[in-house]
Each structure stands twice: as structure tokens, then as C-alpha cells.
1. Going by accessible area, probe 1.4 Å, with all protein chains left in place, what is the ranking of His385, His280, His21, largest first?
2. Compute, for region 272-348, the length of the dipole vector about the Cα centre, with Cβ point charges of +1 (Lys, Arg) and -1 (Asp, Glu) only. Units Debye, rounded to 20.
3. Just from the alpha-carbon atoms, what are the Rg and Dmax of the chain in angstroms?
4. Near Lys73, which lysines are there with a Cα under 22 Å away, not counting those fewer than 8 places off in the same chain?
5. Quick one: length gained pulling Lys239 to Ala386 fully straight, 0.36 nm per residue minus the C-alpha distance?
6. In straight Cα distance, which lysines are under 23 Å from Lys6, not counting same-chain residues fewer than 8 positions off?
7. Size of the dipole of the chain about the Cα centre, Lys and Arg at +1 and Asp and Glu at -1 on the beta carbon, nothing else charged, in debye to 20?
8. Full-extension gain between Arg30 and Asp213, please, as 0.36 nm times their residue separation minus the C-alpha to C-alpha distance.
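The values are calculated or read from the model by the stated rules, or taken from the named source; none is laboratory data. Everything quoted here is computed from the prediction, not taken from an experiment. Glycine gets a Cβ as well: all are built from the backbone with ideal geometry, and neighbour counts include every protein chain shown. Keep in mind that these areas ignore ligands, DNA and RNA; they rest on the heavy atoms of the full protein, side chains included. Shrake-Rupley method; radii C 1.70, N 1.55, O 1.52, S 1.80 Å.
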Amino acid sequence: MVVFMKILQVVLALSLLILIHEFGHFFFARLFRIKVEKFYLFFDAGFALFKWKPKKSDTEYGIGWLPLGGYCKIAGMIDESMDKEQIQAEPQPWEFRSHPAWQRFFVLFGGVFFNLILAIVIYCAMMGTWGEKYIRNADVTTGISTNSLGQEIGFRNADKVISFDGKPVEKFDELRLQLIQDQAKSASVERGGKTVDVSIDPTYMPAILESADLFDYGIPFVVREISDTSLNADCGLLKGDMILSFNLPAKDSVSTDTLFAAEGGRPLMFSEVREFVSAHPSSQITASVLRDSDSLQLLQIPLNVSQEGFLEIGIDGDLTKFYKVTEKHYSFFEAIPAGIKKAGQQISNYWKQLKLIFTPKTKAYKSVGSFIAIGQIFPGYWDWHAFWSITAFLSIMLAVLNILPIPALDGGHLLFTLYEMVTGRKPSDKFLMAAQTVGMFLLIALMILAFGNDIMRLLR
């Protein structure tokens, strides 16, 4: 069921994006009285699943069988159809190539333009419907929980990240994203009441890209529940108890007790408890527990660790109990500028991500994915907020990727059209056909890379 829901969301989102993109080309082509021969969702290589041509219409509409995109075949335009016969014939008044450069520019830019408009409309609607809800970085009073990579870089548990390269971070969930996008060289953190600078070696960037849990919420280990089947079912812990430290008794008269506690006397974080417990399977440890923070009641409770290195205790992971949640609600007219601002931020963010992909030393090209990767970012259940949020970002991705000056993409065609508008000289059809061929090979190579990356991730 989970796989089905993911596939359903991917198909619906991509179908919408493709239709809107191709309709952008179609709209401007028809506006300037340019003939559109085909308008297809997906590719109809060899045959189509469905096709229909209305009476008194020059356009055939259909659905292809190959779900790798779609196309709008415009008469007299050199595109992925590679229709050489039409190009070699005399130009006709209704053809793309017979119209002035400025009109051709709008036809080419239409797909990108409509995808951007779609993203803005979705974000505006989301702002008006759901508003925004997030946890400010400044409100994460416990600081971060960082993994072994973060420790190696120089971060410590309970650090409160202030900024990267002097640029503050508004939302806690965007800490790692901002570090990556800005390729930050340093971070300012609050540690033990002092401000400390952490130098970030650029050689760590490939590992940071792979490390999704570099920065997590430093929530303390607070008991939520203990099941009746847990080996610690009768240990004496109660809901709401907070673990401050552990004491591992000595095994013989020579060794000494092992005390595991956080610096500064703060409660242990869930990640720290997990790390310590997993290192001491099949043992008994004594937990120093705070019960009722108002009375400061401290208890010493013995706990058992399973053979697999677990306490079998459920923790309270409700972030709203530990941090203030910022909520913003917008009226209809307030949602419009908020949605436009959100779209602008996402466009900026994606440009930065593309820059990383084309920077070999970051190895960000390994993160390029196909439809498989896109499917993984959708939840395994139906959530309208998640669906529209992901769809809006994918619309921006499609727009930004298509504007790249690569032959076979809209950006490549636009580049040649701009050249013609500036110089007054139109590139020859032979040159455009050659450029289109090179562009198709580049796109195929990119597709192979994307599918290859996805397969490698699935095999890990």
C-alpha cells in the first residue's frame, strides 16, 4: 500500500507538471497563430495509449506509454521529434520558424514561465490554507544532537548553532541545508555560555551531503511509556521521568564504576543514551532519574540492557513539549506576497543546489536521482500539504532545469534565439539540428546517471 501511494503521488504530480509545462508552449504558440501538431502527456514512441483529434483542429492530443516526460510538437520547430523532412521543406506562414524572434522567444519560454506560475499559485494557496508552522533555530533551547561526522568536524552535542559564515539560520530544520547550499567555511555556536567558532573543512562536504542526521533536535531522554513485554517493565520508571546519567557497575574488584553523564549536568539526549546503551548489551546499568522537575526528585533506578543493546523504553518525541512552535496564518491578500516570497526562496535554494552538482569536489552529482528518488520523497500515505509542497518544489525544479543553456532543453533554444535577437543572424537549421542531437545525448547521459544513482542507493 505504501508503494502504491508513492507511485500514485509521483504519477499525479509529474503529470500535472508536464501538462502545465507543455501547455505553456501551446498557449503562446496558439497566441501567435503557430500550428501545434501534437500535444502529448508522456512519449508515444511507436504507439500511444490514447489519442484524439477534434474536428476542425490541427492538433492531435494524446497520452503516450513512456512516462519520461511529454511534448508539444510545434510545426517548423527543431525539437526532440527531429523531423528533418519538415525542416527541409519551404517555411510556411503557420510554422514556428516563420515567426519573428521575439514571438519564438515567448513560445520557448512559455513552459518555464507556466511552471513558475504554477509554483507561485500553489505556495499562495498553501499559505492561505495552512499558513506556516516551524521551530525557530533560536527556540531550540537544548541545542543540537550531532552524529559522529558532526563530532569529527568540530560540533558537540548541545551546541546552539548561531550562524554559518556570519549568516543566521531562521528555521532549525534548515541548518544542514544552509550549510550545504552556502558551502559554509565556519559556524558560530554557543557552547557552555560562550561563543565558539567551528571551522568546516570543505573536504567534509561530500560526507555532509550523505549525512541526513548531521543536526537533529537535542531532545532529552524522557519516558513516554514502557510496554508490558519490555525487560524493564517493572523497573520503576514512570511516564515523564528524565534520565540525567548512567552508572555501569564494576565487573570486578580491580575496575571502577563507569559514569556516563553529559557536560554541565544537563539531561542526556536520546542519541547519547542510544550510543551508550548499544555499547553495553546484556548488562545492568543504574540510571540517575529526575522525577517531577518542580520538586527536583532524584532517583537511582537499575535498568536492564537487552542482548541487542536496547532498553525497550519508549521516549517522548513530541517536539512541541520541548520547544516553542512558530505559527503564521495569512489572509487571502497576505497569502499572495507570502507565496511569492516562498517561491523566490525555493528558486534561490535550487540554484545553489545545482551549483553544487556542477562542482565535482562536492560529489553532489551522486545525489542526482530519477523518478525513483522523487518517489521516495513523497510520504507513504496521502497528505495534501505534503503533496502540494513537493509538487510546487518539483515545478520549480522543472523550470530551473529547463532554463539551463543546454541544447535540447528550452534554455538551449532560448540561448540561440537571444543570439539571433542581439546579432540579427539566425543560426542555420543544420547547426540547430546538430545542437539538438548533442543535447539529446547529454540528456540521455544525465538520465543514465540518475537511474544509476538510484539503483546504487537501493543496493546499499
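1. Descending order: His385, His280, His21.
2. Taking the Cα centre of region 272-348 as origin, the dipole is about 420 debye.
3. So, for the chain, Rg and Dmax equal 28.6, 99 Å respectively.
4. Counting by Cα, and skipping residues close in sequence, Lys73 has these lysines nearby: Lys35, Lys38, Lys51, Lys53, Lys55, Lys56, Lys84, Lys426, Lys430.
5. Gain on stretching Lys239 to Ala386: 49.7 nm.
6. Reachable lysines: Lys366.
7. Details: 44 positive and 48 negative charges, 380 e Å.
Dipole of the chain, to the nearest 20 debye: 1820 debye.
8. Taking Arg30 through Asp213 to full extension adds about 60.9 nm, to one decimal.
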